[in-house]
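A short write-up of the structure that comes next.
Any read-out appearing in this document is the output of simple, stated calculations on the displayed coordinates, not a laboratory observation. Since this is a predicted model, take the numbers as computed values, not measurements. Glycine also receives a Cβ, built like all others from the backbone with ideal geometry; neighbour counts cover every protein chain displayed.
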Amino acid sequence: MQSYWKEINSLLEQVAALEKENIDNISKLIGDRIKKGGIVQLFGCGHSHLLAQEAYYRAGGLVPVAPITIEPLMLHKGALTSSQNEKDPTFIERNNDHISFQPNDILIVISTSGRNPAPIDMAFLGKKAGILVISLQSLNYKDQEGRHASGKRLEDVVDIVLNTHIPVGDGLLSNKGLQYGPSSTVVGAALLNALISQIIEEISKESDQLPVFKSANLSDSQSHNEEMMEKYKNRIDFN
């Protein structure tokens with residue numbers, strides 16, 4: 001156990017230092033768009049979708065955040081099914097009816113490897129809509145050939161990459177030729193929450209009312225949260 005704590009803490013410190021400037025710049029871009037009515041939409045497949053859900057309806061998190069939910073890409077519909085659909089070059093085209101991007105929205109596409117068709121196709125949809133498209137991915141995978149028909153990888157499509165620096169294979173430890181001790185969810189969640197915290201700080205420079213959820217377990221939270229959700233109910237399903 002101590003080996004994992006040492007390695008994950010070391011990686012978190014590395015990522016914090018290397019991505020600080022990137023987070024500062026991205027938070028300004030997103031903060032400006034939220035102030036103009038935009039929302040943050042997050043997309044991921046399999047375990048990456050867990051990070052899209054992490055940022056949604058989160059105590060201490062931003063209100064204008066919504067995951068793009070396509071159930072056949074999620075683990076609860078079957079791990080193998082999710083993995084196969086992520087690699088299907090026609091899947092997003094066949095399952096994009098409920099996806100809606102509006103001016104000033106932001107799309108964050110989460111994919112550690114950045115090589116599979118579904119996340120890349122989602123990034124293409126965001127670019128076609130003319131919104132800001134950001135990836136949360138590990139550029140350590142950049143030598144892994146992309147599986148998209150265009151030959152492009154995710155970093156070739158998005159406007160900005162937020163680099164998780166996850167090692168190829170995800171595991172931080174090794175034994176008998178196998179990697180274990182996965183890191184992408186821990187680091188991805190830390191990066192997302194660091195970014196969201198910085199966005200809130202950016203918004204606070206010009207607004208006294210911050211679009212932040214209070215914990216539902218606090219006695220004074222209900223009226224505050226209802227007021228927050230009322231503002232975004234036409235864009236985000238909180239039910």
So in the chain, what percent of DSSP beta bridges are antiparallel if you round to the nearest 5? 25 percent
How would ASP237, ASP32 line up from fewest to most surrounding beta-carbon atoms within 10 angstrom? ASP237, ASP32
Work out, in µm²/s and without decimals, the Stokes-Einstein translational diffusion coefficient of region 32-232 at 4 °C, 1.567 mPa s, Rh from Kirkwood over C-alpha pairs. 73 µm²/s
I want to verify the translational diffusion coefficient of region 1-95 in µm²/s; compute it with Stokes-Einstein, Rh as the Kirkwood radius over Cα pairs, at 4 °C and 1.567 mPa s. 81 µm²/s
Compute the normalised compactness of region 160-212: alpha-carbon radius of gyration over 2.2 N^0.38 Å, N being the residue count. 1.68
Tell me the relative contact order for region 28-86 as a rounded percent, counting alpha carbon contacts under 8 Å between residues six or more apart. 31 percent
All-pairs Cα distance distribution in region 38-94, expressed in whole percent, bin size 10 Å: 26, 46, 23, 5
